[in-house]
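Shown next, in structure tokens, is the structure this report addresses.
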Amino acid sequence: MEIKVVANVLKLNDEVAALNRRALAEAGVACLNIMGSPGCGKTALLEATLPRLRPALKIGVIAGDIATTRDAERLAHLCDGVTQINTGGSCHLDANQVRQGLANLDLHALDLVIIENVGNLICPVTFDLGQGAKMGLFSVPEGADKPAKHPRIVLEADLLVLTKTDLLPHVPFDKTIFDADLRSLRDDVTLIETSVVSGAGLDAWCQWVRRFVDERKGVQARQVSQSRTE
Amino acid sequence: MHEAAITQALIEQVRAAMPPGARLQRCAVQVGELEHLDPYVMQTIWQASTANTDLRGAELVIERVALRVRCGACAREFTPADRSIMLCPSCGSVKPQLLSGTGIILRSLEVERT
Ligand SMILES: Nc1nc2c(ncn2[C@@H]2O[C@H](COP(=O)(O)OP(=O)(O)O)[C@@H](O)[C@H]2O)c(=O)[nH]1
Ligand SMILES: [Mg+2]
Ligand SMILES: [Zn+2]
Ligand SMILES: [Zn+2]
């Protein structure tokens with residue numbers, strides 16, 4: 001006997017992600033999910049820019065890592081709350097882990113939660129965490145072919161960042177190929193080029209984050225007031 | 001290795017969908033091309049995780065779902081020839097909206113009453 005089913009295998013994850021999204025909306029907190037390969041500069045970008053974004057924005061960080069609490073230690077003195085999630089070998093964060101992470105933060109005291117996902121460009125994109133925006137990082141030393149090799153992050157990201165641009169003169173990286181590949185996937189996604197060494201692009205990134213928080217809070221306020229009147 | 005996490009989630013979902021007292025013979029799942037899931041790895045994990053359980057011996061059938069997009073400028077639907085080139089064949093824009101090619105969906109169970 002054949003039984004027809006149409007069930008999303010990630011249903012459980014997506015349901016918990018929806019709960020996270022609701023908890024964030026009710027507390028009026030924007031949430032950004034940062035994804036990129038190990039060593040592409042996720043933590044370094046936060047270290048360089050959290051001091052500029054604060055104190056105007058109150059920011060909590062959820063640092064995902066396979067083991068160790070090093071990223072959380074690097075960021076602890078730079079934000080308004082940090083929580084480390086050790087995935088114990090798993091190569092991505094899932095919504096349930098983020099739910100626990102959110103429970104460790106005082107959401108009502110925050111404007112923004114930044115999730116540093118586990119270093120990996122492949123499966124973190126599959127797992128909705130409840131974020132309001134996804135950001136993908138590529139770094140210059142990884143090589144110019146990464147957008148073509150990882151199309152999904154390009155297709156789904158709300159923002160892309162190319163990090164370590166100070167290394168452009170020192171490593172073979174064909175920027176023309178990088179741009180052409182990226183624009184063959186999407187011509188409407190914002191790309192910000194940064195370097196924590198030269199400081200290039202850091203203001204542009206901070207601007208994007210401030211605008212994202214403002215817009216997200218507007219959207220959430222409308223959703224929350226709508227769900228109250230329903 | 002997210003094949004492990006996905007295959008475990010699949011097994012849980014299969015168990016939840018099984019009618020009481022039935023024995024699973026086959027389970028069909030659709031996997032989007034952009035999920036980057038290796039079907040051989042999924043098969044290995046499926047076999048290892050179902051052996052010596054209520055699901056032992058059941059076959060896993062994995063169907064790959066091709067990428068399909070809609071042009072955000074002119075609404076033309078197309079299958080990109082290369083998954084890294086999303087150029088619309090009608091208007092030349094590169095504003096793809098994903099229609100299929102992502103997602104992992106349990107489609108059917110072949111069961112035997114015991
Ligand atoms: N030259 C250069 N090195 C960088 C830059 N950003 C990060 N790094 C270095 O890259 C390494 C990995 O950075 P980290 O932030 O830990 O990467 P993560 O694994 O993505 O969090 C560290 O040694 C950083 O100092 C940059 O803009 N320029
Ligand atoms: Mg890090
Ligand atoms: Zn994974
Ligand atoms: Zn078109």
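List of remarks:
- Residue separation of B:Arg15 and B:Tyr40 scaled by 0.36 nm, minus their Cα-Cα distance, works out to 6.8 nm of gained length.
- Cα gyration tensor shape of the protein assembly as shown, rounded if a/c is under 1.5, else prolate or oblate by comparing a/b with b/c: prolate
- Computed label-point distance, nm, for sites A:Ile66 and B:Ser90 using a 7 Å Cα→Cβ extension: 4.5
- Distance (nanometres) between label positions extended 7 Å along Cα→Cβ at A:Arg22 and B:Ala48: 3.7
- Placing +1 on each Lys and Arg Cβ and -1 on each Asp and Glu Cβ, with no other charges, gives segment B:2-113 a dipole about its Cα centre of roughly 320 debye.
- Excluding ligands, DNA and RNA, the accessible surface per residue across segment B:2-113 is 48 Å² with a 1.4 Å probe.
- Secondary-structure-derived ellipticity at 222 nm for chain A, considering helices only, amounts to -12500 deg cm²/dmol, per-run term -39500 (n - 2.57) for DSSP H runs with n ≥ 4.
- Cβ-based net charge around A:Val189, under 14 Å, with every Lys or Arg adding one and every Asp or Glu removing one: -2
- Average beta-carbon neighbours from other chains, 10 Å sphere, peptide A:149-157: 5
- Checking the cross-link pairs A:Lys146/B:Lys95; A:Lys4/B:Lys95; A:Lys4/A:Lys134; A:Lys149/A:Lys217; A:Lys164/B:Lys95 against a 30 Å limit on the alpha carbon distance flags A:Lys4/B:Lys95; A:Lys4/A:Lys134; A:Lys149/A:Lys217 as lying beyond it.
- For A:Ser139, the residues whose amide H sits under 5 Å from its own are A:Thr163, ignoring neighbours fewer than 5 places away on the same chain, with H placed 1.01 Å from N.
- Over segment A:14-140, relative contact order from alpha-carbon pairs under 8 Å, at least 6 apart, %: 45
- Point-to-point label distance, B:Cys74-A:Ala200, nm (Cα→Cβ direction, 7 Å offset): 3.6
- Considering helices alone, the calculated mean residue ellipticity of chain B at 222 nm is -8000 deg cm²/dmol, with DSSP H runs of length four and up weighted by -39500 (n - 2.57) and normalised per residue.
The values are calculated or read from the model by the stated rules, or taken from the named source; none is laboratory data. Bear in mind the structure is a predicted one, so any value in this text is a computation, not a measurement. Methodologically, a virtual Cβ is constructed for each residue, glycine included, from the backbone with ideal geometry; neighbour enumeration extends over all protein chains shown. These accessible areas exclude ligands, DNA and RNA; they are computed on the full protein's heavy atoms, side chains included. Shrake-Rupley method; radii C 1.70, N 1.55, O 1.52, S 1.80 Å.
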